[in-house]
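**Q** Let me begin by handing over the structure; questions about it come next.
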Amino acid sequence: IQALKNISLTIEQGEVFGFVGPNGAGKSTAIKVILNIISDYSGNAEIFGHSAREAHSRRHVGYVPESPTLYEQLTPLEILRSGMALHGIRRDDAEAWCIKWLDRFSVGHVARRRVRELSKGTAQRVALAHAMVVAPRLLILDEPLSGLDPIGRQDVVDILSEYQHGGGTIFLTSHVLHDVERLADRFGLIHKGELKTIQSPNELVGDHELV
């Protein structure tokens, strides 16, 4: 099965780019190529000018999959500390830095509870905090608002908007057009592995063929 077909796109630094399409369109596959989770492909993928096949290209890249799998026996604080260690980040205030991001996602009160005790929505927030704690230059988010209640969704949108305004770059996927309209500067519509169009959300509103 050819999951992606001749996709070519460039995401600018400081941009929020949304990848929109139905389930099975190839959104998650594209992310796996960017992160070299899938390496059997033709063509090139680069992160900030470095081949995505090189491990160092993923330093300071935050990633949250659609269904995060966190080590259930660890606490959110331990998970964030391990993320910092994997990215080679050393801070004298490492624990306070982790707590800060857990608090930002309203999960600081469970910082020392085991992940297996947390709800799906709470675990999703922990995964987002884990992505942010490494001070990412790029955030790659697969359905980042999935599993969150309406208040949680708005909190995440606000944090991501603040991150972009600080110069951060975001590549996100969603099958919910409204999520992309709230966040993205541009979006690409993918269907059956093919990139059909790249537009701004404002351009999409009047395009009845895509709605």
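**Q** Can you name the residue in the range 65-76 that is more than 20 Å from the chain's Cα centre (by Cα) and not β-branched (V, I, T) and is also least open to solvent (accessible area, probe 1.4 Å) among such residues?
**A** Among those that are more than 20 Å from the chain's Cα centre (by Cα) and not β-branched (V, I, T), it is L74.
**Q** Among the residues in the range 5-28, are any among the aliphatic types (A, V, I, L, M) and free of Cβ contacts under 8 Å to residues at least 60 places away in the same chain?
**A** No, that holds for no residue.
**Q** Consider only pairs whose beta carbons are under 8 Å apart and that are at least six residues apart or on different chains; among these, list those whose first residue lies in the range 106-121 and is closer than 19 Å to I159 by Cβ and whose second residue is part of a loop (DSSP other than H, G, I, E, B) and open to solvent by 60 Å² or more (accessible area, probe 1.4 Å).
**A** Listed by first residue and then by second, the contacts come to G121/D149.
**Q** Any residue that is more than 21 Å from T29 (Cβ to Cβ), open to solvent by less than 70 Å² (accessible area, probe 1.4 Å), among the basic types (K, R) and in contact with a Leu (Cβ under 8 Å, 6 or more places away or on another chain) - is there at least one of those in the range 152-170?
**A** For the range 152-170, residues more than 21 Å from T29 (Cβ to Cβ), open to solvent by less than 70 Å² (accessible area, probe 1.4 Å), among the basic types (K, R) and in contact with a Leu (Cβ under 8 Å, 6 or more places away or on another chain): present.
**Q** Of these, R91, R81, which one is assigned to a loop (DSSP other than H, G, I, E, B) and either basic (K, R) or under 23 Å from F19 (Cα atoms) (or both)?
**A** R91
**Q** Then there is this: In the set V180, V176, V211, which member is modelled with pLDDT under 95, in contact with a helix residue (DSSP H, G or I) (Cβ under 9 Å, 6 or more places away or on another chain) and open to solvent by 10 Å² or more (accessible area, probe 1.4 Å)?
**A** Criteria check complete, one pass: V211.
The values are calculated or read from the model by the stated rules, or taken from the named source; none is laboratory data. This structure is a prediction, so every number in the text was calculated from the model and none was measured. Cβ atoms come from the backbone with ideal geometry, glycine included; neighbour counts cover every protein chain shown. Calculation scope for accessible area: heavy atoms of the full protein, side chains included, ligands and nucleic acids excluded. Shrake-Rupley method; radii C 1.70, N 1.55, O 1.52, S 1.80 Å.
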